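Visitor: Provided herewith is a single structure, encoded as structure tokens, for subsequent inquiry.
The values are calculated or read from the model by the stated rules, or taken from the named source; none is laboratory data. Quick caveat, the model's predicted, so the values are computed rather than measured. Counting neighbours? That spans all protein chains shown, and the Cβs are built from the backbone with ideal geometry, glycine included.
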Amino acid sequence: MSRDHVTLIEVGLRDGLQNEATPVSAQQRAHWFNQLAAAGLPRIEAGSFVSPRWVPQMADTDQVIAAIERRGGTQVEVLVPNQRGLESALAAGVDRIALFTAASDAFTQKNINCTVSESIARFRPLVSAAREAGIPVRGYVSTIVGCPYAGAITPKAVAGVCEQLLAMGIDDISLGDTIGVARPLEIDRVLDAVLPLMPAERLALHCHDTYGQALANVLQGLQRGIRSFDSAVAGLGGCPYAKGASGNLATEDLLYLLAGQGLHTGVDPQAVQAVGEDICRVLKRNTPSKVAQAVQAANRPT
């Protein structure tokens with residue numbers, strides 16, 4: 001892949017919708033997936049195979065996947081928490097699975113009821129089974145700079161988790177600034193610790209915009225050779241640890257930045273904006289995307 005190409009991983013239909021109060025039908029979620037795929041997004045999370053008792057917004061992910069119009073150039077990805085989730089994902093015919101851990105024991109205890117080391121031990125049989133099935137595995141490492149329960153996280157801790165994931169055969173890693181507290185220098189220090197372990201091509205940044213730093217952190221990542229970034233259409237998914245704050249970086253805003261930097265994504269920004277507008281209508285919410293707000297204002301009759 002050329003250095004002027006950037007890969008976007010669309011996480012709005014999973015990481016975004018699971019934090020939205022309004023549940024959305026499987027049919028509607030599949031419709032949005034198909035629209036995002038048609039817009040050119042190459043990797044899209046369709047949902048997660050977690051218990052609907054814990055995350056009701058992700059119920060019927062198998063039905064979402066069944067209704068997806070498969071097309072070349074678009075990967076269907078899902079988050080799986082355990083063996084049952086992996087079996088469901090394989091049965092659904094996904095292209096990639098993702099596993100979730102963090103650089104903070106306090107965070108994993110709150111979210112998945114185990115320590116970081118215990119989460120990694122749980123991953124080993126899942127990674128082995130996925131590799132046997134020929135399915136790539138993504139690892140999410142959350143709280144790379146700050147944890148809502150433990151405070152500041154050291155780059156060394158992040159690198160230690162990444163090292164363990166790589167040792168078991170993880171294909172790519174998403175470094176997540178889960179509560180959006182990171183600034184460019186802190187991102188740089190994390191990358192100082194992680195890049196010696198793995199090439200930049202296998203890393204992605206997952207930036208939250210809670211403090212308005214997401215795009216600045218993306219720029220820092222670009223300067224360090226990162227060419228994969230997670231984002232959510234319409235900025236789906238508020239930050240659950242900062243009431244009222246924006247969460248995921250909006251795909252619309254990321255596309256605008258990348259185009260201005262002369263970088264190519266193969267994604268149609270107008271098509272993504274149209275999907276975002278539809279999502280906001282269904283959810284009865286305003287978009288946090290600055291680009292979408294500007295476009296709407298420009299198109300508003302004077």
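Visitor: Name the residues in segment 167-183 that are under 30 Å from Gly212 (Cα atoms), among the β-branched types (Val, Ile, Thr) and in a loop (DSSP other than H, G, I, E, B), would you?
Guide: Thr178, Ile179, Val181 - these are the residues of segment 167-183 that are under 30 Å from Gly212 (Cα atoms), among the β-branched types (Val, Ile, Thr) and in a loop (DSSP other than H, G, I, E, B).
Visitor: Report the residue count in segment 58-72 for those that are in contact (Cβ under 8 Å) with a residue 40 or more places away in the chain and either surrounded by fewer than 18 Cβ atoms within 10 Å (Cβ to Cβ) or out of contact with any Gly (no Cβ under 9 Å at 6 or more places or on another chain) (or both).
Guide: Of the residues in segment 58-72, 1 are in contact (Cβ under 8 Å) with a residue 40 or more places away in the chain and either surrounded by fewer than 18 Cβ atoms within 10 Å (Cβ to Cβ) or out of contact with any Gly (no Cβ under 9 Å at 6 or more places or on another chain) (or both).
Visitor: Now for a separate question. Take the residues in segment 48-92 that are in contact with a strand residue (DSSP E or B) (Cβ under 7 Å, 6 or more places away or on another chain) and small (Gly, Ala, Ser), then tell me which one is farthest from Asn113 (Cα to Cα).
Guide: Here the residue is Ala89.
Visitor: If we keep just the residues of segment 77-91 that are within 22 Å of Gln27 (Cβ to Cβ), among the hydrophobic types (A, V, I, L, M, F, W, C) and touching a residue at least 40 places away in the same chain (Cβ under 8 Å), which is surrounded by the most Cβ atoms within 10 Å (Cβ to Cβ)?
Guide: Ala89
Visitor: I'd like the residue in segment 262-276 that is surrounded by 13 or more Cβ atoms within 10 Å (Cβ to Cβ) and without any contact (Cβ under 8 Å) to a residue 40 or more places away in the chain and, out of all such residues, is nearest to Arg43 (Cα to Cα).
Guide: My answer is Pro269.
Visitor: Kindly provide the set of residues from segment 111-123 that are closer than 17 Å to Pro148 by Cβ and surrounded by fewer than 15 Cβ atoms within 10 Å (Cβ to Cβ), ordered by number.
Guide: Result: Asn113, single match.
Visitor: Conditions first: (1) over 29 Å from Thr210 (Cβ atoms); (2) touching a residue at least 60 places away in the same chain (Cβ under 8 Å). Ser128 passes all but one, so which condition is the exception?
Guide: (2)
Visitor: Right, Thr115: without any contact (Cβ under 8 Å) to a residue 24 or more places away in the chain and at negative phi or not?
Guide: yes
Visitor: Can you tell me which condition Gly176 does not meet? The list is (1) surrounded by fewer than 23 Cβ atoms within 10 Å (Cβ to Cβ); (2) touching a His at 6+ places or on another chain (Cβ under 6 Å), and all the others hold.
Guide: Only one criterion in (1) surrounded by fewer than 23 Cβ atoms within 10 Å (Cβ to Cβ); (2) touching a His at 6+ places or on another chain (Cβ under 6 Å) is unmet by Gly176, namely (1).
Visitor: Right, here's the next one. Among the numbered criteria (1) under 18 Å from Gly180 (Cβ atoms); (2) modelled with pLDDT of 95 or more, which single criterion is violated by Pro148?
Guide: Here Pro148 meets the rest and fails (2).
Visitor: Ala245 - would you say it is among the small types (Gly, Ala, Ser) and modelled with pLDDT of 95 or more?
Guide: no
Visitor: Could you identify the single residue in Ala157, Ala250, Ala204, Ala167 that is under 28 Å from Glu132 (Cβ atoms) and in contact with a Ser or Thr (Cβ under 8 Å, 6 or more places away or on another chain)?
Guide: Ala204
Visitor: Sticking with this structure for a sec: Pairs only if they're at least six apart or on different chains, beta carbon under 8 angstrom, first in segment 181-198 and in contact (Cβ under 8 Å) with a residue 12 or more places away in the chain, second small (Gly, Ala, Ser) and not in a helix (DSSP H, G or I); list them, first residue then second.
Guide: Between residues of segment 181-198 that are in contact (Cβ under 8 Å) with a residue 12 or more places away in the chain and residues that are small (Gly, Ala, Ser) and not in a helix (DSSP H, G or I), the close pairs are Val181/Gly146; Ala182/Gly146; Val190/Ala182; Leu195/Gly225.
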